[in-house]
Amino acid sequence: MLVTVIIFLREVLEAALILSVLLAVSFQFKLSRKWIFPALSIGFLGATISAYFLGDISNLLEGTGQEVMNSTLLITMCFLINIICIWIWQCLNNNQAAFSTLLAKNIKKILILDVSIAIMHEGSELSIYSYSLIQMHDNHLSLILGGGLGLGIGASLGAIIYYLLINMQKRTLLITAIAILILISAGMASQAALYLIQSGWLPSQLPLWDTSQIISERSIVGQLLYALIGYEATPSPLQILFYFAVIIICISSIILTTKTKRHN
């Protein structure tokens, strides 16, 4: 049951982190948080549909459909998070001007899309695990109890992070939000690289290092780090490349848009 708790905690916490940060940013800018309802609805609907058609999706692209779909969802979220970070930075430096831009006018749609994709991805991952567990074991009690416990802990940690953020000073909150979102995005890029390696779209490589003796991926700490920064004990060179490439792209795009705005 402990394994089930950890897996549910990992998947739920990643989505909860994104949701908490974006809700805190919305709170700071007095942006209506009603966008959360369509985001949750679309996300749960997408997760349900992907779970229902799990077998068909997995059989696509010569049996790599699930991996390719997951990598596509993760890369899309990286792109959306980058846009959100640019918007937050613009608001931080010039609130009124930022809200008059085309980006600001469509920010609710971007928030809805990002959160719904996050929930869809994590939901599909949990569906795969739950289906596999049900097929291997007749006792469903461990899945119900472990899943419920992992879900509860993940949601509670998300709520704690939200209240910690909204009680920060405005500048501290927004800079912290950008930092968290960039780290989450980098972790997603690393996960996307792993999925593409598993599907054979990228070459398999030996890991650069192994820190499993220091922090195990199966531990609570390991799963928390996985959700926050995409921690993996045995990353491949391509995963590291994707990880730092996203960090560089996010920071560079923020700097470039800031310079462009000043010139204008």
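The values are calculated or read from the model by the stated rules, or taken from the named source; none is laboratory data. Values in this document were obtained by computation on a predicted structure and should not be read as measured data. Backbone-built Cβ (ideal geometry, glycine too); neighbour counts: all protein chains shown.
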| note | The lone condition Leu173 fails out of (1) farther than 17 Å from Leu224 by Cα; (2) of a type in the set (A, V, I, L, M, F, W, C); (3) without any contact (Cβ under 8 Å) to a residue 12 or more places away in the chain is (3)
| request: Considering only residues that are hydroxyl-bearing (Ser, Thr, Tyr) and at pLDDT below 80, look in region 116-151 and name the one that is farthest from Ile254 (Cα to Cα). | output: Ser142
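Here's the yes/no breakdown for (1) surrounded by fewer than 13 Cβ atoms within 10 Å (Cβ to Cβ); (2) modelled with pLDDT of 90 or more; (3) in a loop (DSSP other than H, G, I, E, B); (4) among the β-branched types (Val, Ile, Thr):
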residue	(1), (2), (3), (4)
Ile153	no, no, no, yes
Tyr162	no, yes, no, no
Ser185	no, yes, no, no
Ser190	no, yes, no, no
Ile214	yes, no, yes, yes
Leu225	no, no, no, no
Gln239	no, yes, no, no
Val246	no, yes, no, yes
Arg262	yes, no, no, no
| query | Inside region 56-68, can you point out the residues that are closer than 17 Å to Glu125 by Cβ, assigned to a helix (DSSP H, G or I) and in contact (Cβ under 8 Å) with a residue 40 or more places away in the chain? | reply | Gln66, Glu67, Val68
| query | If you go through region 23-54 one residue at a time, how many are surrounded by 16 or more Cβ atoms within 10 Å (Cβ to Cβ) and closer than 19 Å to Gln66 by Cα? | reply | 6
| request: Among what's in region 15-36 and is part of a helix (DSSP H, G or I) and aromatic (Phe, Trp, Tyr), pick the residue that is nearest to Ile110 (Cα to Cα). | output: Trp35
| Checking Ser20 against (1) of a type in the set (S, T, N, Q); (2) surrounded by fewer than 18 Cβ atoms within 10 Å (Cβ to Cβ); (3) within 21 Å of the chain's Cα centre (by Cα); (4) more than 19 Å from Ala192 (Cβ to Cβ), the condition it does not meet | (2)
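Which is under 29 Å from Leu174 (Cβ atoms), modelled with pLDDT of 85 or more and touching a His at 6+ places or on another chain (Cβ under 9 Å), of Leu113, Leu74?
Working: Leu113 fails: touching a His at 6+ places or on another chain (Cβ under 9 Å).
None of the other options fit; the residue is Leu74.
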| note | Trp209: passes all of (1) loosely packed, with under 14 Cβ neighbours inside 10 Å; (2) of a type in the set (Phe, Trp, Tyr); (3) under 25 Å from Ile119 (Cβ atoms) but (3)
| field | region 171-183: number of residues that are touching a helix residue (DSSP H, G or I) at 6+ places or on another chain (Cβ under 7 Å) and either at pLDDT below 90 or not β-branched (Val, Ile, Thr) (or both) | value | 6
| query | Going by the conditions given, is Met168 without any contact (Cβ under 8 Å) to a residue 40 or more places away in the chain and in contact with a helix residue (DSSP H, G or I) (Cβ under 7 Å, 6 or more places away or on another chain)? | reply | yes
